[in-house]
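Notes for the one structure printed next.
The values are calculated or read from the model by the stated rules, or taken from the named source; none is laboratory data. These numbers were taken from a predicted model, which means no experiment stands behind them. Note that each Cβ is placed from the backbone with ideal geometry, even for glycine, and that neighbours are counted across all protein chains shown. Quick note on the areas: whole protein, heavy atoms, side chains included, nothing else; ligands and nucleic acids left out. Shrake-Rupley method; radii C 1.70, N 1.55, O 1.52, S 1.80 Å.
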Amino acid sequence: MRNLIDILDFSTKEIDELVAVAKDIIANPEKYREKCRYKKLATLFFEPSTRTRLSFEAAMMELGGNVIGFSEASSSSAAKGESVADTAMMISAYADIMAMRHPKEGAPLAAALKGTIPVINAGDGGHHHPTQTLTDLLTINIEKGRFDNLTIGLCGDLKFGRTVHSLIAAMSRYENVKFILISPEELRLPEYVKEEYLVGKEFKETTSLEEAMPELDVLYMTRIQRERFASAQEYMRLKDSYILTLDKLHDAKKDLCIMHPLPRVNEISVDVDEDSRACYFKQAKNGKYIRMALILNLLEDADNPVEEGLVDFDKVRYDLVCENPTCITSTEQEIKHMFKLTDKGVWRCVYCEVKE
Ligand code: CP
């Protein structure tokens, strides 16, 4: 049995296979109409969502399956204090696969360690959002025809933007990909993302979208994540840092691919929607197809023994304490703190990846 907690849980070859299945679903939807008959997907959303939850639900329905779940923590027993681990064990008794979004980093991993059905991370705090990345990869593949030899500008809230962290992790595995990180000083990409994925890669940081524009093959705009700010004043000061308008595209390539995980607040003017380079609504639609491909993939493997390597318990340390207040270990006392040694020789919390 496999889970999708981090985009790197899937190799580039496996991602190519998912992309190929998603494209086949787009071309031949009728072939897939009964593939998940009698199967149930549980969507456990402890945080708001439009695209992720509803595209997962539409995906399962288009595969002939059924959906159960909740769209806010207050309508689940989390409101009475039930832990993520206990919730996962319960859902394993009712469904065949679950997709979880949670404000605490590492919550889907905590669920996967206890549950007995595949768990999909549908966004954990400011950490990762691997199914958005699959959506982004399908879109890049359709629009650009390749993953290699691309210059990608990521613009906006690079600190809290979990979609950015997962996309960098995924794209850093391809050849000759250059990243231009465009953000206010206060919202620069976290050091851990740079250390884990960008060492030895070509990247630069800038505050100027205009300066970066002519180089870009892909522009990935992001929302300033109001819900992750400690101070409302600081959010108000930074919220309109970047607004993409038609005139700012003057120096852009003619085949630029403009993406945004959505929702947008004010980062892309509605005038841009009519430009042939605007891909963000197509991107959201692609989310349903790649999630169909993912559900099929994980259910095919669901009866096999639990995958090794979700956490290598022989190689973790239990003597360190994670002090990240947004880590799932900060609120769920029964979760054992664990630190893993990364390829870069750094001990990081297994759940949220913060350094010792
Ligand atoms: N892109 C994305 O995660 O959108 P939702 O928050 O609406 O799910």
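So, of the residues in the range 315-347 that are of a type in the set (Asp, Glu) and open to solvent by 60 Å² or more (accessible area, probe 1.4 Å), which turns out to be farthest from SER83 (Cα to Cα)?
ASP343
Every residue in the range 28-37 that is open to solvent by 70 Å² or more (accessible area, probe 1.4 Å) and out of contact with any Asp or Glu (no Cβ under 9 Å at 6 or more places or on another chain), please.
GLU30, GLU34, LYS35, ARG37
Of everything in the range 254-267 that's farther than 20 Å from GLN225 by Cβ and open to solvent by less than 70 Å² (accessible area, probe 1.4 Å), which residue is farthest from the ligand (Cβ to nearest atom)?
The residue in question is LEU256.
Which of the residues spanning the range 46-66 are away from the ligand (no atom under 15 Å from the Cβ) and either within 13 Å of ILE97 (Cα to Cα) or surrounded by 21 or more Cβ atoms within 10 Å (Cβ to Cβ) (or both)?
Quick first cut of the range 46-66, residues away from the ligand (no atom under 15 Å from the Cβ) only: 60-66.
Scanning the range 46-66 gives MET60, LEU63, GLY65, ASN66.
Residue-by-condition table, conditions (1) more than 16 Å from the ligand (Cβ to nearest atom); (2) in a helix (DSSP H, G or I); (3) surrounded by fewer than 24 Cβ atoms within 10 Å (Cβ to Cβ); (4) among the acidic types (Asp, Glu):
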residue	(1), (2), (3), (4)
LEU134	no, yes, no, no
GLU143	yes, yes, yes, yes
LYS159	yes, no, yes, no
LEU167	no, yes, no, no
GLU175	yes, no, yes, yes
LYS178	yes, no, yes, no
LEU189	yes, no, yes, no
TYR197	yes, yes, yes, no
GLU205	yes, no, yes, yes
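When the residues of the range 104-132 are narrowed to those that are part of a helix (DSSP H, G or I) and within 15 Å of the ligand (Cβ to nearest atom), which ends up nearest to ASP217 (Cα to Cα)?
The selected residue is GLN132.
Among GLU227, GLU215, GLU186, which is the only one that is over 14 Å from ILE258 (Cα atoms) and either over 17 Å from the mean Cα position of the chain (by Cα) or among the aromatic types (Phe, Trp, Tyr) (or both)?
GLU186
Give the number of residues within the range 67-82 that are more than 16 Å from the ligand (Cβ to nearest atom) and either crowded, with 20+ Cβ neighbours inside 10 Å or basic (Lys, Arg) (or both).
Counting residues in the range 67-82 that are more than 16 Å from the ligand (Cβ to nearest atom) and either crowded, with 20+ Cβ neighbours inside 10 Å or basic (Lys, Arg) (or both) gives 1.
Would you be able to tell me the number of residues in the range 268-314 that are modelled with pLDDT under 95, open to solvent by less than 40 Å² (accessible area, probe 1.4 Å) and either within 15 Å of the ligand (Cβ to nearest atom) or part of a helix (DSSP H, G or I) (or both)?
0
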